[in-house]
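Enquirer: Below is one structure. I have some questions about it.
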Amino acid sequence: MGRLAGAASACSCLSVGSSGDGTNIAELVRKLWFWMVCADPALARGAVEDMLPSPSPALALRAVPSAGDDSDARSLDLARQREGTADKLWQGQAEWRVISTAQAGAWCPPSPTGFVIRDTLTARMHPRRACAALVAALEVMGVDVVNDGGNKGQVVHATGLAGLQELNDAYGKTVGNGVKGQAALLRFDAGEVPQLFADAIHIVPHADGTLAIGSTSEREYDDPISTDGALDDVIDRATRALPLLHGAEVMERWAGVRPRSKSRAPMLGAHPLHQGQFIANGGFKIGFGMAPKIAEVMAELMLEGRGAIPDDFQPGASL
Ligand SMILES: Cc1cc2nc3c(=O)[nH]c(=O)nc-3n(C[C@H](O)[C@H](O)[C@H](O)COP(=O)(O)OP(=O)(O)OC[C@H]3O[C@@H](n4cnc5c(N)ncnc54)[C@H](O)[C@@H]3O)c2cc1C
């Protein structure tokens, strides 16, 4: 997201309507897609893949964990208890169900317990195309997206790892750090199927005949954007879990750094160092999915002075 100066325009564009009390990523992304499609239908169609009414594989299947002993029964119990928790927290907008591997069908992660969790909160996007569509939509609305907007007007520092390092330096302790992730894109047309979580690897079929696999989680690294043998291991594990991926062409290997705050939650609110300015950082592993909601609460705070940000998400939780 970078540092957005001129928050009035930046935030109004991202504030795509209220999500209600519950945070429902699929619904937020649907709104974002709707908003982008108005600006550039062709670009948006390629960017956000699962927001079309049907068929919708915007769901995920993950194995009920197995330790290969009698703790499997406890694991299954826990997964089933969470059906009720999800019903309560997700307010009917999405569901979490334990189903048998037989019910799941052929496209299913291996699960020694014989059961998998199927959730419909999951949605999938093509991040780069989504960002391109967002920029196009902003341009249609008359907003210039520039690399350095200068330090004027309403400023929110959404500067990822650089912003966390600035806080580390100022406070003389670790407020946040970067966690590198390596991922790969395979040429593999899986069709209209759910994304899978197998052996701690996400396997995400895209609508364009490609399939993403990721990712590593590295606290120690020299180069934030290089890939190495750790990614080969991720690809191997994905292929072992889903043998039909064997031999698929690896089209692209890439890496990035996830900004992780000490509390592991997003840091949203008044900037602890820059008076009168704001911070949106620490998205860690959910920063992309949460972006529309983050934009919404930041716009409310910056433009209307309303603070609907939970304490756990305030910068102070990591200082
Ligand atoms: C392999 C991998 C897989 C992931 N998968 C998912 C996923 O499935 N779902 C999900 O929700 N999230 C996922 N994430 C995490 C997600 O990418 C991050 O949470 C998100 O990118 C954080 O966004 P951000 O804008 O806060 O920070 P960043 O993406 O780090 O962006 C910060 C930007 O600010 C720029 N910048 C720094 N200083 C300045 C300055 N002074 N002026 C202007 N610009 C500046 C930087 O160059 C950078 O471009 C994944 C991450 C990785 C690496």
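The values are calculated or read from the model by the stated rules, or taken from the named source; none is laboratory data. Note that the coordinates shown come from a computational prediction; the quantities given were computed from them, not determined experimentally. All Cβ positions, even for glycine, are placed from backbone atoms using ideal geometry, and neighbour counts span all protein chains on display.
Table: residues versus (1) crowded, with 20+ Cβ neighbours inside 10 Å; (2) in contact with a Leu (Cβ under 9 Å, 6 or more places away or on another chain); (3) under 30 Å from G316 (Cβ atoms).
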residue	(1), (2), (3)
A123	yes, yes, no
P127	no, no, yes
V143	no, no, no
G150	no, no, yes
A158	yes, yes, yes
N177	no, yes, yes
G191	no, no, no
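Enquirer: Going through I294, I279 one at a time, which residue ends up being within 16 Å of the ligand (Cβ to nearest atom) and not in a strand (DSSP E or B)?
Expert: The match here is I294.
Enquirer: A further question follows. D169 versus (1) within 16 Å of the ligand (Cβ to nearest atom); (2) surrounded by 15 or more Cβ atoms within 10 Å (Cβ to Cβ); (3) not in a loop (DSSP other than H, G, I, E, B): which is the lone unmet condition?
Expert: Condition (2) is where D169 drops out.
Enquirer: Quick one: which strands (runs of 3 or more DSSP E) lie wholly within region 174-275 and hold at least 3 residues that are closer than 28 Å to S111 by Cβ and of a type outside the set (D, E, K, R)?
Expert: Fully inside region 174-275 and qualifying: 176-187, 195-198, 201-205, 210-214.
Enquirer: Pairs, please: C-beta under 9 Å, at least 6 apart or cross-chain, first residue at positive phi and in region 255-269, second near the ligand (Cβ under 8 Å from one of its atoms) and part of a strand (DSSP E or B)?
Expert: Close Cβ pairs satisfying both conditions: G269/A280.
Enquirer: Pick from region 182-200 the residues that are under 16 Å from R118 (Cα atoms) and in contact with a strand residue (DSSP E or B) (Cβ under 6 Å, 6 or more places away or on another chain): which of them is nearest to the ligand (Cβ to nearest atom)?
Expert: The qualifying residue nearest to the ligand (Cβ to nearest atom) is Q195.
Enquirer: In region 115-138, is there at least one residue being free of Cβ contacts under 8 Å to residues at least 60 places away in the same chain, hydroxyl-bearing (S, T, Y) and not in a helix (DSSP H, G or I)?
Expert: Checked against the condition, which is being free of Cβ contacts under 8 Å to residues at least 60 places away in the same chain, hydroxyl-bearing (S, T, Y) and not in a helix (DSSP H, G or I), region 115-138 yields no hits at all.
Enquirer: Related question: Which residues, counting only those in region 143-162, are more than 7 Å from the ligand (Cβ to nearest atom) and modelled with pLDDT of 90 or more?
Expert: Within region 143-162, V155, V156, H157 qualify.
Enquirer: Continuing with this model, one more query. Only residues in region 212-231 that are touching a residue at least 40 places away in the same chain (Cβ under 8 Å) and within 17 Å of D199 (Cβ to Cβ) count as the first member; pair them with residues that are surrounded by fewer than 18 Cβ atoms within 10 Å (Cβ to Cβ) and of a type in the set (D, E, K, R), Cβ under 6 angstrom, at least 6 apart or cross-chain, and list the lot.
Expert: L231/R253
Enquirer: Just one of (1) touching a strand residue (DSSP E or B) at 6+ places or on another chain (Cβ under 7 Å); (2) over 30 Å from T210 (Cα atoms); (3) assigned to a helix (DSSP H, G or I); (4) of a type in the set (G, A, S) trips up G84, so point out which.
Expert: Checking G84 against (1) touching a strand residue (DSSP E or B) at 6+ places or on another chain (Cβ under 7 Å); (2) over 30 Å from T210 (Cα atoms); (3) assigned to a helix (DSSP H, G or I); (4) of a type in the set (G, A, S), the one that fails is (1).
Enquirer: What are the pairs with Cβ atoms under 6 angstrom where one residue, in region 274-291, is aliphatic (A, V, I, L, M) and the other, located anywhere, is more than 7 Å from the ligand (Cβ to nearest atom) and not in a loop (DSSP other than H, G, I, E, B)? Sequence gap at least six, or different chains.
Expert: Every condition considered, the pairs that remain are I279/H157; I279/M267; I279/P315; A280/V156; A280/L268; A280/I294; A280/M298.
Enquirer: Return the pair list, or none, for Cβ contacts closer than 9 Å from residues in region 140-168 that are at positive phi to residues that are more than 10 Å from the ligand (Cβ to nearest atom), at least 6 apart or on different chains.
Expert: G142/S9; G153/G6; G153/A7; G153/A8
Enquirer: Note down all Cβ pairs under 7 Å where the first residue falls in region 89-111 and is over 22 Å from A241 (Cα atoms), the second is β-branched (V, I, T) and at pLDDT below 90, and they're at least six residues apart or on different chains.
Expert: Correct list of pairs: A94/T120; E95/T120.
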